[in-house]
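Data first, discussion second: the structure below is written as structure tokens.
Read-outs throughout are calculated quantities, based only on the coordinates presented, and are distinct from any laboratory measurement. Computed from a prediction, not measured in an experiment: that's the story for all the values here. With ideal geometry, Cβ positions are generated from the backbone for all residues, glycine too; neighbour counts draw on all protein chains shown.
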Amino acid sequence: MHSETSVFRICQEGYAAGLPVYAAVIGSGPVILKDAAGQTVRSVSFDVPETDPASGDAVTVLDLGVLEEGIYTLERGADRRRLSVKPAAWNAVTHALIKGLYYQRCGCGLLPEHAGVYAHPACHTAPAADWEDRSVRRRITGGWHDAGDYGKYIAPGAVAAAHLLYAWKLFPQGCSGDLNIPETGSGVPDILSEARYELEWILKMQRADGAFHHKLTKSHFAPFIMPENDTDPEYVMPVSGTATGSACACLALSARVWRGFDSGFAERMLRAAESAWSWLKAHPDNVPFRNPEGVRTGQYGDWSDLDERFWAACELYAATGEAEYLADAETLYGRGIHPDQFGWADVGGLGALCCLFDLGEEAGEVLYTKLREDLVRAAEGALALSSASGYGTSLPPQGYIWGSILPIMSHAMTMIAASLLTGREDMRDAALLQWDYALGLNALDISFVTGFGVRSVRNPHHRPSGADGVEDPVPGLISGGPNKNHTYPVTREKLGEDLPPARYFLDITPSADTNEIAIYWNSPAVFVSAYLRTLARPE
Ligand SMILES: [Zn+2]
């Protein structure tokens, strides 16, 4: 059970030495911060706060500044809450968020020496039938289970892998530690080996003509059983434009990364990306995916593939230097790409990272100068949302959608990019507040990362966590968090209509609408934490 909550909200995993310490306090009246010896370090007075519309709390974010390492106590009247500042504050949680993807591996046994009590035999190893031609059966094993279910989907997987790759490219010292996975000690950073597990599966999902199948799932979601017991037939579902575009982009990016580690693998990925691009050029109109009759697994429908094509053109230019890709990227950007979007449906932000941080000014007037302006403007919007929020969360009250952690982490990524481009510390600090949100600085006083924080999510909508007979959930998985947008009727029954959106959350296993986990929610959190760890005082 969760311990009793207090008026204070903190980053429950502690704070990093060298970075500002933020905490939130509900209500008014001065707050005192004492060190371990009981000496007052800060005395903070502030105006009586207005009610935060997203949470319904009268709450203030306290900027306690940079603090020396140690244990501190926040005090107001009789209410006290301990917090810690330590040199390697986010080391364990960052590595756990990456290793969370290892626990999602499909098609291989998780061994006790890597997975401990969460070990299980190999799952989903039978050949899968082609949905459109059942006489064709292919053995396509590997990849990560997408979320709380056992499906595997190309666009979400490509985006999650790309988050890891950009985290490593931009902030290698923040995410390169050992994870105790089978590849540890191979000479390749573990974060890249983990990404490769997904990339090898993505490669297998390509059709002979270059297109990518949208997903590999069963016709229905499995009950809450372990993956090795989920033996109903799997199907290779039809191809789509968005799957082909995102796989193309991710593989071209990966080809650049692996040139330094495994040139054969890099070459294989680049060839697959080029073949996907040829298919996209031959199919200029989006080929959307809709669940075929009789299929009820995740649809991941996306009615525009322009952003996937844009990202792919950027990555192919970066990988090959061929001018036609740059020209295509410019044209596509002009058709309305959002450079601040990092989710499975809208991937414009990943193309923006390629242009701004890999190509740089070489990308030219549109793809560097204008794109940079557009991104910084979007970051101003994300910063304004954070400033207007009682908890500093970069989300409007109506923004608490299914998987609200994604737009929050996505806004943090945008502000990080803007801070890197401009040197602005206000952007950095607002990104830090989003990380603090994930680890407990929120209305619910909950750390959304399983296994981390004194009040962390205990019952995520995640089949292995529900079925493995182990009391603690699989560690290092981030919950989607509050959602008052598309909620289940049963959630509405339990929580009522009056509860504010930032509190619309149930830490119970059936609540996929508020408490599911997903690979592409872990991955942007890895990007954010890798960045922050590079800023923290050296460990
Ligand atoms: Zn599996």
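Can you give me the C-alpha center-to-center distance between the range 160-188 and the range 12-69, rounded to a whole angstrom?
Answer, in whole Å: 34.
Using a 10 Å cut-off around each Cβ, can you sort 470, 48, 188, 449 from fewest to most neighbouring Cβ atoms?
In increasing order of surrounding Cβ atoms, one gets 48, 470, 188, 449.
Size of the range 449-496 along its principal axes in angstrom, Cα-based, largest extent first?
That gives 31, 23, 14 Å along the principal axes, largest extent first.
Quick one: what are the phi-derived ³J(HN,Hα) couplings along the range 433-444, Karplus 6.51/-1.76/1.60 with θ = phi - 60°, whole Hz, x for glycine and proline?
For the range 433-444, the Karplus curve yields 4, 6, 5, 4, 4, 4, 9, x, 7, 8, 4, 7 Hz.
Based on the Kirkwood radius over alpha-carbon pairs, what is the Stokes-Einstein translational diffusion coefficient of the range 385-480 at 4 °C with 1.567 mPa s viscosity, in µm²/s?
91 µm²/s
Using the Karplus curve 6.51 cos²θ - 1.76 cosθ + 1.60 with θ = phi - 60°, work out ³J(HN,Hα) for each residue of the range 115-132 in order, rounded to whole Hz, and write x for Gly and Pro.
Coupling constants for the range 115-132: 10, x, 5, 9, 4, 7, x, 4, 10, 6, 9, 6, x, 9, 8, 6, 4, 7 Hz.
Taking a temperature of 20 °C and a viscosity of 1.002 mPa s, what whole-number D in µm²/s does Stokes-Einstein yield for the chain with Rh from Kirkwood over alpha carbon pairs?
Estimated via Stokes-Einstein, D reaches 91 µm²/s.
Treating the range 122-206 as a set of equal point scatterers at the Cα positions, no solvent, please give the Debye-formula log₁₀ I(q)/I(0) at q = 0.13, 0.27 Å⁻¹.
Debye output, listed in q order: -0.50, -1.37.
What net charge do the residues around residue 19 carry, taking every other residue with its C-beta under 11 Å from that of residue 19, with Lys and Arg at +1 and Asp and Glu at -1?
Result for the neighbourhood of residue 19: 0.
Expressed as a fraction of 2.2 N^0.38 Å, the rule-of-thumb size for a compact globular protein of N residues, what is the C-alpha radius of gyration of the range 387-427?
Dividing the Cα Rg of the range 387-427 by 2.2 N^0.38 Å gives 1.25.
Rg to Rh for the range 22-123: what is it, with Cα atoms only and Rh by Kirkwood?
Rounded to two decimals, Rg over Rh is 1.20.
Using only the alpha-carbon atoms, how far is helix 91-102 inclined from the longest principal axis of the chain? Give it as 0 to 90 degrees, nearest 10.
Once rounded, the angle reads 30 degrees.
Report, to the nearest 10°, how far helix 323-334 tilts away from the longest principal axis of the Cα atoms in the chain, using its own Cα long axis and a range of 0 to 90°.
50 degrees
Collect residues whose amide H, placed 1.01 Å from N in the peptide plane, falls under 5 Å from the amide H of residue 236; neighbours closer than 5 in sequence don't count.
129, 130, 131
Compute the long axis of helix 154-170 from its Cα atoms, compare it with the longest principal axis of the Cα atoms of the chain, and write down the angle in degrees, 0 to 90, nearest 10.
The helix 154-170 is inclined about 60 degrees to the chain.
Using Cα centres only, tell me the gap between the range 251-286 and the range 492-537 in whole Å.
Rounded to whole Å, the Cα centres lie 33 Å apart.
How compact is the range 214-270 by the rule of thumb for globular proteins, expressed as Cα Rg over 2.2 N^0.38 Å?
With N residues counted in the range 214-270, Rg over 2.2 N^0.38 Å equals 1.58.
Kirkwood hydrodynamic radius (Cα pairs, Å) of the range 194-316?
The answer is 15.2 Å.
Name the long-range amide H neighbours of residue 105: under 5 Å, sequence gap of 5 or more, or other chain; modelled H, no Pro or chain starts.
Those qualifying (amide H under 5 Å, at least 5 residues apart or on another chain) are 145.
Please give the residues of the range 394-416, grouped as numeric ranges, whose backbone N is less than 20 Å from a label point set 7 Å along the Cα-to-Cβ vector of residue 422.
Inside the label zone: 394-396, 408-416.
Cut-off under 22 Å on the C-alpha distance; same-chain residues fewer than 8 positions from residue 34 excluded. Which lysines are left, in chain and number order?
86
List the GluC sites (Glu not before Pro) in the range 457-498 that DSSP assigns to loop (not H, G, I, E or B) and whose Cβ has at most 14 other Cβ atoms within 10 Å. Which are they?
Sites meeting the loop and neighbour criteria: 471, 497.
With each pseudo-label sitting 7 Å past Cα toward Cβ, what's the residue 296-residue 43 distance in nm, one decimal?
It is 6.3 nm.
To the nearest 500 deg cm²/dmol, what mean residue ellipticity at 222 nm is calculated for the chain from DSSP H runs of n ≥ 4 alone, each contributing -39,500 (n - 2.57), summed and divided by the residues?
Computed ellipticity for the chain at 222 nm equals -12000 deg cm²/dmol.
Lone cysteines in the chain, defined as no other cysteine's Cβ under 4.7 Å from theirs: which are they?
11, 106, 108, 123, 175, 248, 250, 355
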